Amino acid sequence: MRRAVEWKHFEYTCEKGAKLSVYLRDQMAKIRFGEKTYFMKQVPSADGARYSDGKVSWWDVRSGGFLQEDSQDGDGAMLTKECKVDKPAAVSP
């Protein structure tokens, strides 16, 4: 019998009290924000960890982060920012 896939789970509170959930496993991330869920792969970044699905990026920088639209110049529209982690990671199946 195979073990269930375990994800590290983080809850964030962002600007204006918006809630965001991040699930991490290996080089993968699942981000839930509002009514949307994004499945992303880790991609190179100069600072912190960056995950992208080619349309949206989650940047995780020093127990905080932001979610923005992907763009060639890195200046895509901000979906939410000033995200701060609410609690330490939990493991979720």
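Every number here is computed from the coordinates shown, using simple stated rules; none is lab data. Note that the structure is predicted; figures quoted are calculated from it, not measured. We place every Cβ from the backbone using ideal geometry, glycine too, and count neighbours over all the protein chains shown.
Numerical summary
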{"quantity": "Matching residues, region 4-23, being touching a His at 6+ places or on another chain (Cβ under 8 Å) and either within 10 Å of residue 80 (Cβ to Cβ) or touching a residue at least 24 places away in the same chain (Cβ under 8 Å) (or both)", "calculated": "22, 23"}
{"quantity": "Residue within region 29-36 that is without any contact (Cβ under 8 Å) to a residue 24 or more places away in the chain and not charged (D, E, K, R) present", "calculated": "yes"}
{"quantity": "Strands (runs of 3 or more DSSP E) enclosed by the chain - at least 1 residues per element that are small (Gly, Ala, Ser)", "calculated": "19-25, 28-33, 49-52, 56-61, 64-69, 90-92"}
{"quantity": "Positions within region 29-73 being hydroxyl-bearing (Ser, Thr, Tyr) and under 19 Å from residue 8 (Cα atoms), in sequence order", "calculated": "37, 38, 51, 52, 57, 63"}
{"quantity": "Considering residues of region 35-53 that are of a type in the set (Gly, Ala, Ser) and in contact with a Lys or Arg (Cβ under 9 Å, 6 or more places away or on another chain) only, the residue surrounded by the most Cβ atoms within 10 Å (Cβ to Cβ)", "calculated": "52"}
{"quantity": "Residue match in region 80-91 (condition: free of Cβ contacts under 8 Å to residues at least 60 places away in the same chain and either surrounded by 14 or more Cβ atoms within 10 Å (Cβ to Cβ) or over 20 Å from residue 7 (Cα atoms) (or both))", "calculated": "no"}
